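Accompanying notes for the structure given below.
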Amino acid sequence: MARMVTTRNKVISTTAAWLVGFLIFFPILWMVLASFKTELEAFAIPPSFLFFHWTTENYVTVQERSDYFHHALNSIIIAGGSTLIAMLIAIPAAWSMAFSPTKRTKDVLLWMLSTKMMPPVGVLVPIYLIFRSVGLLDTRAGLIFILCLGNLPIVIWMLFTYFKEIPKDILEAARMDGATIGRELIYVLTPMAVPGLASTLLLNLILAWNEAFWTLNLSTLEAAPLTVFIASYSSPEGLFWAKLSAASTLAIAPILVLGWFSQRQLVRGLTFGAVK
Amino acid sequence: MGQITLQGVQKSFGPVHIIKGADLEIADGSFVVFVGPSGCGKTTLLRLIAGLEDVTGGAILIDGRNVVDVPPAKRGLSMVFQSYALYPHMSVRGNIAFGLKMAGVTRDEINRKVEAAAATLNLTPYLERKPRELSGGQRQRVAIGRAIVREPKAFLFDEPLSNLDAALRVQMRLEVTRLQKQLGTTAIYVTHDQVEAMTMADKIAVLNGGKIEQYGSPLELYEKPANLFVAGFIGSPKMNFVTGELAKQQGATTIGVRPEHLKVERNGQGGWHGTVSVAEHLGSDTFLYVDAGPQGVLTARYIGELDLHPGDKVSLIPEPARIHRFDDSGKSIRA
Ligand SMILES: Nc1ncnc2c1ncn2[C@@H]1O[C@H](COP(=O)(O)OP(=O)(O)OP(=O)(O)O)[C@@H](O)[C@H]1O
Ligand SMILES: [Mg+2]
């Protein structure tokens, strides 16, 4: 009797999980499907789910109209660059806060997080003006700079949490074994922190890849990443659902692939912590 | 060489004064145990010597050199942590070799030393395993191996055996003592287990509330406790304390007699009269808890089996030479 109930519960919860998973995934699926429709079918009511005229003409048009590879390269440079710099700053910062905290450490962390509570649009005008006067508008360097600053609080916060979980004893053991601070970092702390570092890196990469506010506002063409490429399809000339979908599919494809292959790492880092 | 001297060592954490001036002389090659109740500052004192905490005041001399400003890596001491603190990502070999690698020892010599240490500690079959693939006792041995391989001036142990089961603890206790004697390296060992303290130590420092109450050999502490605290702390079961008229007759505020120094007589004449309230028969020993009226509950230990049961009337006769006398302030009075 009890066994039957648990089996039934299992079936129910599994079904529910799949349902929720499908619901969450549906917009992406719908976007991919729409990218293979003609513009007419794309907004036909009632919509056709699978039985439409499959075409790849949207992809061809999109690539003709705007250079996908130019934007993709920008995205890679900007997301990769800002993530790398953020990690370089965040690792020592989080390390010192986790292992030699002072009375103000908690305050500093909260202050850093509080900068994320301010809506970015509140500082758009000053930042835009600063960028214009120092010639950073529509440059990759400018975008790397602003995305790095934007994500830094979250990166530091995440790393701090991972580092906190590393037993202090082990670092002290290294110190007793004669390791200098630098060698302690290289030989002991970093290897233990790798899962945490990897998931922070991946998450930051995804955040930077998808960041749309600053990239849309501070770049036009030269440095424009894929977000700008997508946005150009919801233009005043009209909304082209199929082409917009094709552009979006192209834009998220690289990060989706990266996420897919690193999902184990990502989940492990996000749930189990760094050491156990 | 590994002679360690503490001179008025103090430590505060913010406003809290934890170590209130410790003076200690640890001879080269000796085995010194810090013992005391939980929270008395044993670990803190050990960490001060290690350099993992900075002193608030006083001096720590290693071979005559004040090391209070020297980082732990440069003090030439090694430590065995209660949690073992092995490097989880390194093999047993890597763990033991790490200190040598940091010291820039050549690869051949590292291998030779690691293998020698592993052989001493019966770790040879496990050299390529990761710590998580070892049992608690094996991990403990790796931690000890990591400490000995560097040939430090002194070993610092912080309750290294407290996570092991009773049988293994006894075995490791013997092994650690044997190893220390064989290497002749100074050792400081923290424990709150007084059996460990009594059996392992050349000298014991009894700590209480951040102060060293007494420093001496195990038998010195047992036979000549400096004060009430040490008298009560060393020895199991605990020393009996009697106050009031009986003590006054001996010219003291409190007198103390160890359970093993009370002679038990059934319906006897002299001594202190009482009724057995609990009798524990261990075969080898008999422990009696005797309700002795004005003297309170007294514990007596009899070597061997004694056929006494709750309700039996007994008299307890203290050996006169084994009565400890303490004054108003709890200090021992020596004739
Ligand atoms: N980093 C710290 N900050 C503040 N107080 C501390 C710190 N470390 C230890 N203490 C305090 O110092 C006192 C002594 O601690 P310590 O760890 O030395 O005790 P112990 O004798 O080793 O006890 P145990 O036998 O339980 O291990 C305790 O009251 C503890 O709360
Ligand atoms: Mg302790």
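List every residue pair whose Cβ atoms sit under 7 Å apart, with the two residues 6 or more apart in sequence or on different chains, where the first one lies in the range B:71-87 and is more than 8 Å from chain A (Cβ to nearest Cβ) and the second, anywhere, is buried (at least 24 other Cβ atoms within 10 Å of the Cβ) and part of a strand (DSSP E or B).
Close Cβ pairs (under 7 Å, with a partner that is buried (at least 24 other Cβ atoms within 10 Å of the Cβ) and part of a strand (DSSP E or B)) amount to B:Val80/B:Phe155; B:Val80/B:Phe157.
Just checking, which of B:Thr243, B:Thr286, B:Thr254 is among the polar types (S, T, N, Q) and touching a residue at least 40 places away in the same chain (Cβ under 8 Å)?
Details: B:Thr243 fails: touching a residue at least 40 places away in the same chain (Cβ under 8 Å); B:Thr286 fails: touching a residue at least 40 places away in the same chain (Cβ under 8 Å).
Matching residue, one of B:Thr243, B:Thr286, B:Thr254: B:Thr254.
If you go through the range B:88-101 one residue at a time, do you hit one that is aromatic (Phe, Trp, Tyr), part of a loop (DSSP other than H, G, I, E, B) and at the interface with chain A (Cβ under 8 Å from one of its Cβ atoms)?
If we filter the range B:88-101 for residues that are aromatic (Phe, Trp, Tyr), which is where we start, we get B:98.
Narrowing further to those that are part of a loop (DSSP other than H, G, I, E, B): none.
No, the range B:88-101 contains no residue that is aromatic (Phe, Trp, Tyr), part of a loop (DSSP other than H, G, I, E, B) and at the interface with chain A (Cβ under 8 Å from one of its Cβ atoms).
If you go through the range A:13-36 one residue at a time, do you hit one that is in contact with a Phe, Trp or Tyr (Cβ under 8 Å, 6 or more places away or on another chain) and polar (S, T, N, Q)?
yes
Check every one of the strands (runs of 3 or more DSSP E) wholly within the range B:1-84 and list those with 1 or more residues that are among the basic types (Lys, Arg) and in the same structural domain as B:Arg178 (by TED's automatic domain parsing).
On the way: elements: B:4-13, B:16-26, B:31-35, B:57-62, B:77-80.
Correct list: B:4-13, B:16-26.
Can you list residue pairs whose Cβ atoms sit under 6 Å apart, with the first residue in the range B:144-171 being farther than 23 Å from A:Gly178 by Cβ and charged (D, E, K, R) and the second being part of a strand (DSSP E or B) and within 16 Å of ligand 2 (Cβ to nearest atom)? Count only pairs 6 or more apart in sequence or on different chains.
Correct list of pairs: B:Glu159/B:Val190; B:Glu159/B:Thr191.
Being at pLDDT 90 or above and within 13 Å of chain B (Cβ to nearest Cβ) narrows it down to one of A:Ala208, A:Ala193, A:Ala179, so name that one. Even if it seems obvious, please write down each step before you answer.
On the way: A:Ala208 fails: within 13 Å of chain B (Cβ to nearest Cβ); A:Ala193 fails: at pLDDT 90 or above.
The conditions single out A:Ala179.
Among the residues of the range B:127-134, is there at least one that is away from chain A (no Cβ under 14 Å), assigned to a helix (DSSP H, G or I), more than 16 Å from ligand 2 (Cβ to nearest atom) and out of contact with any strand residue (DSSP E or B) (no Cβ under 8 Å at 6 or more places or on another chain)?
Looking only at the range B:127-134, we keep the residues that are away from chain A (no Cβ under 14 Å), and these are B:127-129, B:133-134.
Okay, now just the ones that are also assigned to a helix (DSSP H, G or I), so B:133.
Within this subset, residues satisfying the condition of being more than 16 Å from ligand 2 (Cβ to nearest atom) are B:133.
Cutting the leftovers down to out of contact with any strand residue (DSSP E or B) (no Cβ under 8 Å at 6 or more places or on another chain) gives us B:133.
The answer is yes, given that some residue of the range B:127-134 is away from chain A (no Cβ under 14 Å), assigned to a helix (DSSP H, G or I), more than 16 Å from ligand 2 (Cβ to nearest atom) and out of contact with any strand residue (DSSP E or B) (no Cβ under 8 Å at 6 or more places or on another chain).
Keeping to the range B:17-29, report how many residues are more than 16 Å from ligand 2 (Cβ to nearest atom) and either surrounded by fewer than 14 Cβ atoms within 10 Å (Cβ to Cβ) or at negative phi (or both).
Step one: filter the range B:17-29 for residues more than 16 Å from ligand 2 (Cβ to nearest atom), giving B:17, B:20-21, B:23-29.
Still in the list and also either surrounded by fewer than 14 Cβ atoms within 10 Å (Cβ to Cβ) or at negative phi (or both): B:17, B:20, B:23-28.
The number of residues fulfilling the criteria is 8.
Go through the range B:282-305 and give me each residue that's assigned to a loop (DSSP other than H, G, I, E, B) and crowded, with 17+ Cβ neighbours inside 10 Å.
Step one: filter the range B:282-305 for residues assigned to a loop (DSSP other than H, G, I, E, B), giving B:282-284, B:292, B:296, B:304-305.
If the condition is that a residue be assigned to a loop (DSSP other than H, G, I, E, B) and crowded, with 17+ Cβ neighbours inside 10 Å, then B:Ala292 is the only one that fits.
Out of the residues in the range A:158-176 meeting the condition of being more than 14 Å from chain B (Cβ to nearest Cβ) and crowded, with 19+ Cβ neighbours inside 10 Å, tell me which one is nearest to the chain's Cα centre (by Cα).
Step one: of the range A:158-176, the residues more than 14 Å from chain B (Cβ to nearest Cβ) are A:158-164.
Restricting the remaining residues to those that are crowded, with 19+ Cβ neighbours inside 10 Å gives A:158-160, A:162-163.
Numbers: A:Met158: 14, A:Leu159: 16, A:Phe160: 19, A:Tyr162: 18, A:Phe163: 21 Å.
Checked the range A:158-176; the qualifying residue nearest to the chain's Cα centre (by Cα) is A:Met158.
Please enumerate the residues belonging to the range B:14-69 that are away from ligand 1 (no atom under 16 Å from the Cβ), within 15 Å of the chain's Cα centre (by Cα) and either among the small types (Gly, Ala, Ser) or over 19 Å from B:Pro218 (Cβ atoms) (or both).
Residue satisfying the conditions is B:Ser30 alone.
Could you please let me know if B:Gly99 is surrounded by 22 or more Cβ atoms within 10 Å (Cβ to Cβ) and under 25 Å from the mean Cα position of the chain (by Cα)? Even if it seems obvious, please write down each step before you answer.
Numbers: surrounded by 22 or more Cβ atoms within 10 Å (Cβ to Cβ): yes; under 25 Å from the mean Cα position of the chain (by Cα): no.
Considered against the rule, which asks whether it is surrounded by 22 or more Cβ atoms within 10 Å (Cβ to Cβ) and under 25 Å from the mean Cα position of the chain (by Cα), B:Gly99 comes out as no.
Within the range B:56-70, identify whether any single residue is closer than 22 Å to A:Ser100 by Cβ, more than 10 Å from every other protein chain (Cβ to nearest Cβ), surrounded by fewer than 21 Cβ atoms within 10 Å (Cβ to Cβ) and in contact (Cβ under 8 Å) with a residue 24 or more places away in the chain, and answer yes or no.
yes
Could you please let me know if B:Leu100 is out of contact with any strand residue (DSSP E or B) (no Cβ under 7 Å at 6 or more places or on another chain), touching a residue at least 60 places away in the same chain (Cβ under 8 Å) and away from ligand 1 (no atom under 16 Å from the Cβ)?
Numbers: out of contact with any strand residue (DSSP E or B) (no Cβ under 7 Å at 6 or more places or on another chain): yes; touching a residue at least 60 places away in the same chain (Cβ under 8 Å): no; away from ligand 1 (no atom under 16 Å from the Cβ): yes.
Against the criterion (out of contact with any strand residue (DSSP E or B) (no Cβ under 7 Å at 6 or more places or on another chain), touching a residue at least 60 places away in the same chain (Cβ under 8 Å) and away from ligand 1 (no atom under 16 Å from the Cβ)), B:Leu100 does not qualify.
The values are calculated or read from the model by the stated rules, or taken from the named source; none is laboratory data. All values derive from a computational prediction rather than experimental measurement. Positions of Cβ are generated from backbone atoms using ideal geometry, with glycine treated the same way; all protein chains shown enter the neighbour counts.
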